[in-house]
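Below: the structure, in structure tokens.
Read-outs throughout are calculated quantities, based only on the coordinates presented, and are distinct from any laboratory measurement. All values reported here derive from a predicted model rather than from experimental measurement. A quick note on method: Cβ atoms are made from the backbone with ideal geometry, for glycine too, and the neighbour counts reach across all protein chains shown.
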Amino acid sequence: MRLTFRGVHLVDATKELPGSSITIDGSHIQVVGGLPDNAGRIIDANDMFVVPGFIDVHTHGGGGFSLHTTRDEEIRSYARWAPQTGVTSFLIGVVGVPGALPEEQLVAAVEACEIKGEGAETLGIHLEGPYINVKRRGAHLPEWLRHPNEAETERVLALTNGHLRLITLAPELPGASQMICRLLDAGVTVSLGHTDATYEQAMEAIRLGVTHATHCFNAMPPLLHRAPGPIAAVAECAQVRGELIADGVHVKPPAMYALVRMLGPQRTVVITDALAAAGLPDDATFEFAGQLAQVICGAARLSDGRLTGSVLTMDQALRNVLQWTPVTLQQAVGMLTLNPAQAIKVDGCKGLLQPGYDADLLILDSSLRLQATICCGTVAYATEQWRERLAAE
């Protein structure tokens, strides 16, 4: 399909072009900023924004679907649901299981990665644990947790068959340094998280090659003036990106503001850390890896009242960061697109409006409400009005 949107306001992390055009040809962007000789179908879209599709590198589900599952079809169901939130690609979030590696869940995730389906693209796997600190486990059960060792590192790499993009671990655990080095050799992005690391321990992990921090402020020591902890290490090191759950619940707006000021918008990666209940109404009940949870006042809580992952969607996250942090629209868009693409090393084809890049596009109205989502050149979601426009023109 060759299709041109004319008169749109193009925004990505590197440019902002009002009153411009963008042409896609099949699954790729062909022309940005002008009309080619063969523009295909032309859709006038004045007063609309076109931005790259959102990339969620830390999510566990949404729309009633869990990504920590033994059924690859459930992952594909999530992929079909996610475009209505602006997500065009994502990592499959896998956590731990009692007393063992989550082998069945990893096998299901690999199957979902290797069979191209409808909707958002599965870019790989994010393994959050089981190599995390029990003191900062959050909603992860103690019986899920393990210490790193050489044999298990090789087993994880074998099970994931080249699809492990990101792993969260606590660098202070025994054996973690060796695991970090082996995973980096395999091309995996290593993130410190669910950690009780001191500033010094975090700095040592960064020296080894850690370039990512999982949901900053959450499940780690606070930033204190005599015990600066991992947040200070992340802020200090320009090569490290930090995740932000931008729901205003996990990190209150003033702390969101502070984190973005510390890291800058170029190093902040906006995530949802969403669970299956994202997109469901208040009072909805669901399971997170076998634990009963409920949506209460826009937050996901376990049966004992503890906060667990979020019910945030990426389209709402964009509006939140614009409201609560000191960023421009261009910077905010980068935090949901280019920054996560760079974090997992797919920025050569995703995260920008550039010729040759994947045709992952969002059409937003003047209030930044999602109107349509295009995943690799295919319309994966549209409002009723835009469904009619895309069909009629």
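Structural remarks
- For His194, His163, order by how many other beta-carbon atoms lie within 10 Å, fewest first: His163, His194
- Separation of the range 68-104 from the range 119-180 is 15 Å, based on Cα centroids.
- Relative protection proxy for 174-187, 3-16, from highest mean packing down: 3-16, 174-187 (other beta-carbon atoms within 10 angstrom).
- Only Cα pairs under 8 Å and 6+ residues apart enter the sum, and on that basis the relative contact order of the chain stands at 20 percent.
- Note on the range 220-234 and the range 352-376: Cα centroid distance 37 Å, given to the nearest whole angstrom.
- Note that the chain shows a convex hull volume over its alpha carbon atoms of 124 Å³ per residue.
- Volume of the convex hull of the range 341-393 (Cα atoms only), normalised per residue: 103 Å³.
- Taken over the C-alpha atoms, the range 126-200 has Rg and Dmax values of 11.6, 34 angstrom.
- Alpha carbon Rg of the range 235-295, scaled by the compact-globule rule 2.2 N^0.38 Å: 1.41
- Ranked by how many other beta carbons lie within 10 Å on average, peptides 336-346, 356-366 from highest: 336-346, 356-366
- The range 134-292: C-alpha gyration tensor shape, a/c 1.5 cut-off, then a/b vs b/c: oblate
- DSSP beta bridges fully contained in the range 54-343 are about 30 percent antiparallel.
- Residues in the range 164-202 that a label on Ala227 would reach, taking backbone N under 13 Å of a point 7 Å out along Cα→Cβ: 196-200
- The alpha-carbon atoms of the range 98-160 define a convex hull whose volume equals 98 cubic angstrom per residue.
- Residue-averaged 222 nm ellipticity for the chain, from DSSP H runs of 4+ at -39500 (n - 2.57), nearest 500: -8000 deg cm²/dmol
- Of all lysines in the structure, those lying under 30 Å Cα to Cα from Lys15, and not within fewer than 8 positions of it along the same chain, are Lys252, Lys345, Lys350.
- An oblate overall shape is assigned to the range 245-393, the ratio a/c of its alpha-carbon gyration tensor axes (a ≥ b ≥ c) being 1.5 or greater and a/b not exceeding b/c.
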